[in-house]
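The values are calculated or read from the model by the stated rules, or taken from the named source; none is laboratory data. Since the structure is predicted, the reported quantities are computational estimates derived from the model, not experimental observations. Glycine gets a Cβ as well: all are built from the backbone with ideal geometry, and neighbour counts include every protein chain shown.
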């Protein structure tokens, strides 16, 4: 029996081909693909995002969130009476859509900072796309996320305390 097992393994080894060595040629290794298409094709994504944001701000600008019944109520505020970090975000967007920056900052200052940051990132994205450059993505580190979370937590705590009523929407 042991001879039979050896002959089977030897025959399998003979049937199994040796792996072929990779072929080497003189062509260079492929690089990152170049941006194809003209400027209009490269700008379709940034222009689509601009259209979506303009539609959202246009709707919030047309339908006033200061009048009840148009938008859902914040569940945290409704159930507990505590203002969340997003409370006043629609009011600030409405004020931004009407060009009233002071009212927007009074409704929700972190939301206005977020709108401004998104606008800056959109401008950089659009300029890079128009020039055919690769997209530059913000790469926040963990410390940045923790800092943003701590800021929002502090904002939420202060706006819910008696001396922070100026921060309530």
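Of the residues 107, 86, 117, 93, which is loosely packed, with under 13 Cβ neighbours inside 10 Å and at negative phi?
Details: 107 fails: loosely packed, with under 13 Cβ neighbours inside 10 Å; 86 fails: loosely packed, with under 13 Cβ neighbours inside 10 Å; 93 fails: loosely packed, with under 13 Cβ neighbours inside 10 Å.
Going through 107, 86, 117, 93 in turn, the sole match is 117.
For a quick check of your reading of the model, give me the residue pairs whose first member lies in the range 107-118 and is touching a residue at least 24 places away in the same chain (Cβ under 8 Å), whose second is outside any helix (DSSP H, G or I) and surrounded by 15 or more Cβ atoms within 10 Å (Cβ to Cβ), with beta-carbon atoms closer than 6 Å and at least 6 apart or on different chains.
Listed by first residue and then by second, the contacts come to 107/88; 107/169; 108/88.
How about the range 120-141: which of its residues are under 15 Å from the mean Cα position of the chain (by Cα), exposed (fewer than 12 other Cβ atoms within 10 Å of the Cβ) and either part of a helix (DSSP H, G or I) or at positive phi (or both)?
120, 123
Does residue 114 meet the test of being part of a loop (DSSP other than H, G, I, E, B) and under 15 Å from residue 60 (Cβ atoms)?
no
Step by step: first the residues of the range 76-93, then only those that are over 24 Å from the mean Cα position of the chain (by Cα) and over 18 Å from residue 153 (Cα atoms), then the one that is modelled with the lowest pLDDT. Which residue is that?
Per the stated criteria, the residue is 78.
Can you tell me how many residues in the range 49-79 are surrounded by 11 or more Cβ atoms within 10 Å (Cβ to Cβ) and in a loop (DSSP other than H, G, I, E, B)?
7
Please determine, by comparing only the residues of the range 142-169 that are free of Cβ contacts under 8 Å to residues at least 24 places away in the same chain and within 19 Å of residue 104 (Cβ to Cβ), which one is surrounded by the fewest Cβ atoms within 10 Å (Cβ to Cβ).
Checking each candidate, the answer is 165.
What are the pairs with Cβ atoms under 7 angstrom where one residue, in the range 58-82, is free of Cβ contacts under 8 Å to residues at least 24 places away in the same chain and the other, located anywhere, is surrounded by 10 or more Cβ atoms within 10 Å (Cβ to Cβ) and assigned to a helix (DSSP H, G or I)? Sequence gap at least six, or different chains.
Here the result reads 71/90, each pair linking the range 58-82 to a residue that is surrounded by 10 or more Cβ atoms within 10 Å (Cβ to Cβ) and assigned to a helix (DSSP H, G or I).
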